[in-house]
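Structure, as structure tokens:
The values are calculated or read from the model by the stated rules, or taken from the named source; none is laboratory data. This structure is a prediction, so every number in the text was calculated from the model and none was measured. Virtual Cβ from ideal backbone geometry, glycine too; neighbours counted across all protein chains shown. Ligands, DNA and RNA are stripped out before the accessible areas are found, and what is left, the full protein with its side chains, is counted by its heavy atoms. Shrake-Rupley method; radii C 1.70, N 1.55, O 1.52, S 1.80 Å.
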There are 2 protein chains.
Amino acid sequence: MGVVTTDDRAPDDRAPDDRAPGDRAPGDRGPGDRVPKQDRSRATRRRLLAAAVACLAERGWAGSTVSVVAERAGVSRGAAQHHFPTREDLFTAAVEYVAEERSDALRALFPQGATGDRRAVVTALVALYTGPLFRAALHLWVAASNEEQLRSRVTELEARVGRESHRIAVELLGADESAPGVRETVQGLLDMARGLGLANLLTDDAGRRERVVAQWAGLLDDALG
Amino acid sequence: MGVVTTDDRAPDDRAPDDRAPGDRAPGDRGPGDRVPKQDRSRATRRRLLAAAVACLAERGWAGSTVSVVAERAGVSRGAAQHHFPTREDLFTAAVEYVAEERSDALRALFPQGATGDRRAVVTALVALYTGPLFRAALHLWVAASNEEQLRSRVTELEARVGRESHRIAVELLGADESAPGVRETVQGLLDMARGLGLANLLTDDAGRRERVVAQWAGLLDDALG
DNA sequence: GGGGAAATTCATGCAAGCATGCTTGATTGT
DNA sequence: ACAATCAAGCATGCTTGCATGAATTTCCCC
């Protein structure tokens, strides 16, 4: 299912939310929504952010030049510069965009509620760390680790996403966090997922990942009772 | 005399393994010692590689320009270009350098032999994923994931280091790999270590890491019997 | 409700900064 | 003396940021 929701669309595709200037999304605008008065503006802004994330996942930080992102978004470079005066503005906004997308993807796991099948839960969680969203986030982390401006925002948002991941993981696994060690167990699981996602960066080792997931899902099942 | 040509490097510049030109690393080169027969040349070459790794860990890929690396190594940019005609040559060589360093660090754990204290082993393994070497490797991976040339070499070397990590981990943990699931268990542990190292990129969460390590060491102890 | 001013949004051209690679010249070791 | 090694200057290409101008949208007043 659409666990990861970034667009792996064809290069020239139009974003899903790309509307003609006139029509608007169903429940889109509240009454006092004053900031972007034009739908077209919001659309291009969103397109730029989505393109930035996509470029980040596909071409990395250095390769994601504003020209590239603008072209990917189907707008001129000047338009990009209008919405985000500086390159840093663009990517700091992209950080929040990625964080939101990841939170959404995370919450998309929630409706199922706590299933008894822990292996399925672990598989789903790990899957979150192998999609393009995680790739983009990874590039963002690495870039932010050396860009003073980005780091603070990235760490803050990542902490938020991390907490939410943990909460949802506990929920889905049906773990009793009051028991000693359970919290650390789940954290370790998420760290393992991160590590599996990182390993997936260079080589697509789905087979190995699946085996590791199966094994540790079993161990987790024992540990959580 | 001129041990090193212009030793006017910045104060903190000496890499940990920065040796005098004469002495070599323990098992450094076989008899078929190739191209540079001059010690000074080898020294600057090594300095350049060490500087490249250090810059990679501290400033990231984009920030590690050849000028920066050369300055860090205490040589002119032209000298760097003499040893590594292109920037890519420099960093592909740096890849191997990092791989060797990581293997050395890994082997440094070996002399102890298999101890009964699995928590200490896990701690040591995880520690390997939190140092500057891992940081450099991380930047390298992320950069390589989008640079066609680097990727093949990085994946190859990383596979080697990964196998060695696994072998040593099995050895130190006293695990019986013929038993079903043991291989995947250890792999998962290493993946978790990777994830912890990745989490350590932005925020130094040594406390959390320690708790997770303690907990997972316990899980491992149970799983391995 | 309609028309026009004002503001927003977007496109294009331009100059500055920077990194890479190449070439030339000086220095050291064999 | 010769070759290798190192240093410095030069030329090219790319990216960013800014400035100007056109098209579109919103606001405001009649």
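Numbers for the structure displayed
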{"read-out": "Filter result (in contact with a helix residue (DSSP H, G or I) (Cβ under 7 Å, 6 or more places away or on another chain), near DNA strand D (Cβ under 10 Å from one of its atoms) and of a type outside the set (Val, Ile, Thr)) within segment B:68-80", "value": "B:70, B:73, B:74, B:76, B:77, B:79, B:80"}
{"read-out": "Boolean, residue A:221 is among the charged types (D, E, K, R) and not in a helix (DSSP H, G or I)", "value": "no"}
{"read-out": "Tally, over segment B:193-207, of residues that are facing chain A (nearest Cβ under 7 Å) and not hydrophobic (A, V, I, L, M, F, W, C)", "value": "3"}
{"read-out": "Qualifying positions in segment A:101-137 - free of Cβ contacts under 8 Å to residues at least 24 places away in the same chain and part of a helix (DSSP H, G or I)", "value": "A:111, A:120"}
{"read-out": "Boolean, residue B:52 is open to solvent by less than 10 Å² (accessible area, probe 1.4 Å) and within 13 Å of DNA strand D (Cβ to nearest atom)", "value": "no"}
{"read-out": "Among (1) assigned to a loop (DSSP other than H, G, I, E, B); (2) more than 23 Å from residue B:43 (Cα to Cα) - the single one residue B:75 does not satisfy", "value": "(2)"}
{"read-out": "Condition check for residue A:58: of a type outside the set (S, T, N, Q) and either away from DNA strand D (no atom under 16 Å from the Cβ) or under 18 Å from the mean Cα position of the chain (by Cα) (or both)", "value": "yes"}
{"read-out": "Residue check, residue A:122 closer than 24 Å to residue A:211 by Cα and β-branched (Val, Ile, Thr)", "value": "yes"}
{"read-out": "Matching residues, segment A:170-192, being more than 7 Å from chain B (Cβ to nearest Cβ), within 18 Å of residue B:209 (Cα to Cα) and in a helix (DSSP H, G or I)", "value": "A:182, A:183, A:186, A:189, A:190"}
{"read-out": "Residue list for segment B:138-150, restricted to those being open to solvent by 50 Å² or more (accessible area, probe 1.4 Å) and part of a helix (DSSP H, G or I)", "value": "B:148, B:149"}
{"read-out": "Residue match in segment B:25-40 (condition: modelled with pLDDT under 90, under 29 Å from residue A:138 (Cα atoms) and in contact with a helix residue (DSSP H, G or I) (Cβ under 6 Å, 6 or more places away or on another chain))", "value": "no"}
{"read-out": "Leading residue by the ranking (most open to solvent (accessible area, probe 1.4 Å)) among those in segment A:81-94 that are within 9 Å of DNA strand D (Cβ to nearest atom) and not basic (Lys, Arg)", "value": "A:82"}
{"read-out": "Per-region count, segment A:196-211, residues open to solvent by less than 40 Å² (accessible area, probe 1.4 Å) and among the basic types (Lys, Arg)", "value": "1"}
{"read-out": "Qualifying position, being among the basic types (Lys, Arg) and within 17 Å of residue A:186 (Cβ to Cβ), among A:87, A:107, A:119", "value": "A:119"}
{"read-out": "Test: residue in segment B:99-117 that is open to solvent by 40 Å² or more (accessible area, probe 1.4 Å) and either of a type in the set (Ser, Thr, Tyr) or within 12 Å of chain A (Cβ to nearest Cβ) (or both)", "value": "yes"}
{"read-out": "Test: residue A:135 is under 22 Å from residue B:188 (Cα atoms), open to solvent by 30 Å² or more (accessible area, probe 1.4 Å) and within 19 Å of the chain's Cα centre (by Cα)", "value": "yes"}
{"read-out": "Residue within segment B:62-69 that is near DNA strand C (Cβ under 9 Å from one of its atoms), among the β-branched types (Val, Ile, Thr) and away from chain A (no Cβ under 13 Å) present", "value": "yes"}
{"read-out": "Odd one out for residue B:154, checked against (1) at the interface with chain A (Cβ under 9 Å from one of its Cβ atoms); (2) out of contact with any Ser or Thr (no Cβ under 7 Å at 6 or more places or on another chain); (3) under 22 Å from residue B:221 (Cβ atoms); (4) aliphatic (A, V, I, L, M)", "value": "(3)"}
